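Enquirer: Take this structure, written in structure tokens, and hold onto it; I'll ask about it next.
The values are calculated or read from the model by the stated rules, or taken from the named source; none is laboratory data. On a predicted model such as this, the values are computed, not experimentally measured, just so you know. Here the Cβ positions follow ideal geometry from the backbone for every residue, glycine too, while neighbour counts run over all protein chains shown. Heavy atoms of the whole protein, side chains included, go into the accessibility calculation; ligands, DNA and RNA do not. Shrake-Rupley method; radii C 1.70, N 1.55, O 1.52, S 1.80 Å.
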Amino acid sequence: MVSMMFADAARRAAHVAAASLGWRPDEFWAATPAELVTALGLDAAPADAPVDGGGLAALMERYPDGC
């Protein structure tokens, strides 16, 4: 049962990689799961995600306004 679930998930992931990224099967199977997630942009924070304290401090240091 578990191997069938993996096979179904792998088939769907290979389809997404082929359709979205133009990857051929050998490119898909050579990639790590993390590389696939990054290539699909699934690891990026949403544009409307709130900035945390560390992110705000980094932005203030990078773009000081002189106040």
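Enquirer: Over the chain, with every protein chain in place, what whole percent of the accessible area is carbon and sulfur at 1.4 Å, could you tell me? Show your work: numbers first, answer last.
Expert: On the way: 3640 of 5700 Å².
The computed percentage sits at 64.
Enquirer: Once every DSSP H run of n ≥ 4 in the chain is given -39500 (n - 2.57) and the sum is divided by its residues, what mean residue ellipticity at 222 nm do you get, rounded to the nearest 500 deg cm²/dmol?
Expert: Working: 4 runs with 38 residues, N = 67.
Computed mean residue ellipticity for the chain: -16500 deg cm²/dmol.
Enquirer: Can I ask one more? How would you rank 40-47, 55-62, highest first, on the average number of other Cβ atoms within 10 Å across their residues?
Expert: Those peptides, ordered most packed to least, come out 55-62, 40-47.
Enquirer: Kindly provide log₁₀ I(q)/I(0) values, in the same order as q = 0.22 Å⁻¹, from the Debye equation applied to equal alpha-carbon scatterers of the chain.
Expert: Log10 I(q)/I(0), no solvent term: -0.93.
Enquirer: In addition: Ranked by accessible surface with a 1.4 Å probe, highest first, in what order do Phe28, Phe6 come? The partial results should precede the final answer.
Expert: On the way: Phe28 25, Phe6 130 Å².
Sorted by accessible area, descending: Phe6, Phe28.
Enquirer: Okay, moving on. Leaving out ligands and nucleic acids, note down the accessible area per residue over the chain with a 1.4 angstrom probe, in whole Å².
Expert: Value for the chain: 85 Å² per residue.
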